[in-house]
Each structure stands twice: as structure tokens, then as C-alpha cells.
Ligand code: C5P
């Protein structure tokens, strides 16, 4: 595999959104070699726990544990240690948990020395301006997301989850951050956005500065999932090339 193919593979994450490990094995296992990272979310982890992480690791992939932690600093710090011990490579937490929570989580992730990278969630894409106003946040979602990202960065968190619409702004504000983008659709499949509000292609996301694109249903539900993964990797490779040589 060429360096470019390797880089594209590493930048593609499959969201294993399944209700059970049996179900995950059925459709995600044949795809594991087509992606660099497997994302285990709340649905699967709540049912199967550490066995889900062990399964994904047994396939030789990096594991993205999408637990969106948000609690008092000590509890989150200890959960970070637990995730690190499971061998997860990425773990999400809410930037809105505050500076102390973020600092302790980041320090613990580094201290464990197992290579766990934290990814901060800023504003959930399911929230709009009126939702924020209703919970007492007067800022727009974009301004709030940027403010929370800066807070998390100052606390030592180096990774962020952001939509395709935000990735360019975040890349501009935080040049060294590791950026992860869900809501990505294969080229030509933008209409099949499912319940995602704003979708981008993998090429657009990566060209704008995303380091890892997360794709679920477009791979799970594809008639030929392997071909879909190949097409996504080609899109990512094109995005990486555009980033190296902006036209
Ligand atoms: O199936 P689809 O490609 O839409 O899956 C996207 C994955 O990314 C899901 O696991 C979803 O929970 C997650 N995600 C998202 N939008 C966000 C954050 C996470 O779709 N803003």
C-alpha cells in the first residue's frame, strides 16, 4: 500500500452503531480492514461494555470510544484512566464540563502513557441557537463552539469533534489541533443525508483540515460496502492532496 493509501486508510473511521456485538460482528467485521479506526458509541458500549473495545482491538484497528463524558473532574479523570486501560485510542468528553474537568482529564490521559487522545465535543450539532438560549447560553452555536474549543485547548485537550461546516474555522483558530468530522457522505450521495442536517464529502472535510472522518450508515447500508469504503478513501486522498497543494 502506498503512503497516500495508508494515510487515507488511517483517516477513515467506521461508526459501529449497533445494538449488540453479534450485530456489530455481522456487518462491521468484514469492513474492519477497510478503515483505520472503529468507533464504539453509547449504544454498543452500554450493552456490551469493555468486550466491545476488546473486539474492535482484536481486529487490529484503533478504537474510538465515543462516550461523551461530562461529570465532576474526579469522575471524568478516573473514567479516562479506565478507557486508557481498555486500550482505546480516542475518547470523547464535553468541553462544557469546564476547565478543571478538562485539565484533569488531559493530564490523566498523558500520565497513563498509553497513547489515549482526548477529543472534546463543543456544541452538539443537534442544538441550534434557540436550544442554547433555552439553557442560558446567549451566544450563537458557532461562537460558543469556538469559545469552548479554545477553553479545551488551553486545558490541554488537543483533539476536537466538529461538523464539516465548522472544520475550516476550527483549523484556522487551532492550527495544531486534531480534528474529527462526522456527518460525512460519499461523493454523489449528499441527498442520502439520513438525519444529518449539514453533510460534507470526505474530500471537502479533509481539504478543510479534518484529520479523521467518521462514517456510519453510508458504509453499513451500502450495496457494496467494500467499494463504498474504497471510494471514501479515494475522496480522503484527494482531500489530503488538496491540503498539501491548495489550488
Ligand atoms: O451514520 P452516520 O454516518 O450519520 O454516523 C455518524 C456517527 O457520528 C454516529 O455514530 C453519530 O453518533 C456520530 N456523530 C454525528 N454527529 C455529531 C457527532 C457524532 O453524527 N455531531
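Observations
- In region 210-224, residue nearest to the chain's Cα centre (by Cα) [restricted to those that are surrounded by fewer than 21 Cβ atoms within 10 Å (Cβ to Cβ) and within 13 Å of the ligand (Cβ to nearest atom)]: 217
- One residue from 109, 18, 56 being in contact with a helix residue (DSSP H, G or I) (Cβ under 7 Å, 6 or more places away or on another chain), closer than 30 Å to residue 232 by Cα and surrounded by 20 or more Cβ atoms within 10 Å (Cβ to Cβ): 18
- Of the residues screened, residue 114 is not one that is within 18 Å of residue 15 (Cα to Cα) and at pLDDT 95 or above.
- Odd one out for residue 115, checked against (1) outside any loop (DSSP other than H, G, I, E, B); (2) out of contact with any strand residue (DSSP E or B) (no Cβ under 8 Å at 6 or more places or on another chain); (3) away from the ligand (no atom under 16 Å from the Cβ): (1)
- In region 59-77, residue surrounded by the most Cβ atoms within 10 Å (Cβ to Cβ) [restricted to those that are over 22 Å from residue 123 (Cβ atoms) and in contact (Cβ under 8 Å) with a residue 12 or more places away in the chain]: 63
- Residues of region 12-46 that turn out to be within 15 Å of the ligand (Cβ to nearest atom) and in contact (Cβ under 8 Å) with a residue 24 or more places away in the chain, as a count: 22
The values are calculated or read from the model by the stated rules, or taken from the named source; none is laboratory data. Predicted model only: the values in this text are computed from it and were never measured. Glycine also receives a Cβ, built like all others from the backbone with ideal geometry; neighbour counts cover every protein chain displayed.
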